[in-house]
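First up is the structure itself, then whatever we jot down about it.
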Amino acid sequence: MKPTTLAAVVTGLAATVGAAGPAAAAGTVPVSLPLGGVSRALDMEVPRLRAEVPLVKPGVPDGPRYVTGRLFPERTLPQLPVRGGLPGLDGRAPLPRLLGDDFDHLDVRSPAGDVRALTPGLAVDPPLTAPDPGRSGLPATKLPEAGLVAPVLRTVADGTLATGPGR
């Protein structure tokens with residue numbers, strides 16, 4: 001491998017790692033739709049669109065909780081916390097006026113929002129109790145138990161939709 005090729009590869013890797021650091025710290029990755037060339041080629045105003053795509057970050061599940069009198073833990077399949085975000089959107093589009101040569105604009109803005117969620121969990125208990133010393137260490141029978149722990153979703157969504165004159 002030539003030294004110039006190696007230098008180009010190292011420079012590309014450094015640029016990629018340098019760009020990924022701030023995006024990972026912010027929790028979103030900015031994405032723009034580049035239409036500047038179309039605007040200059042057609043000599044007219046085109047829509048502008050930018051978005052923020054959230055990064056999903058799984059958390060640490062809450063471990064099993066042992067309860068006296070149960071053979072299995074309280075939550076057989078624990079819930080997994082997940083943090084992420086709602087995608088953000090910033091757009092501006094020209095709206096032609098019916099009378100006249102000027103344009104109005106339609107603006108859409110929705111900032112990226114924080115989302116916190118817990119995945120569904122499962123609670124199961126078999127039809128046997130824990131070993132009973134009064135019965136020579138043998139378990140007793142009981143009705144089996146099974147339950148689904150409901151998922152949780154918390155977020156706040158915000159946004160604006162506006163129209164206006166001018167460029």
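For this structure, a couple of remarks:
- Descending by average beta-carbon neighbour count within 10 Å, the peptides 149-158, 104-113 line up as 104-113, 149-158, the highest first.
- Here region 100-149 has an Rg and Dmax of 29.3, 95 Å, counting Cα atoms alone.
- Principal axis box of region 27-165, alpha-carbon based, largest edge first, Å: 94, 26, 18
- Per the Kirkwood formula applied to alpha carbons, region 83-167 shows a radius of gyration over Rh ratio, Rg over Rh, of 1.56.
- Each residue of region 27-43 is assigned a 3J(HN,Hα), and the resulting list reads x, 9, 10, x, 10, 10, 9, x, 10, x, x, 5, 4, 6, 5, 8, 6 Hz, derived from the Karplus form 6.51 cos²θ - 1.76 cosθ + 1.60 (θ = phi - 60°), x at Gly and Pro.
- Long-range HN-HN contacts of Asp62 with modeled amide H, under 5 Å: Gln79
Readers should treat all values here as calculations from the given coordinates under stated rules, not as data from a laboratory. Computed from a predicted structure; not experimentally measured. Glycine also receives a Cβ, built like all others from the backbone with ideal geometry; neighbour counts cover every protein chain displayed.
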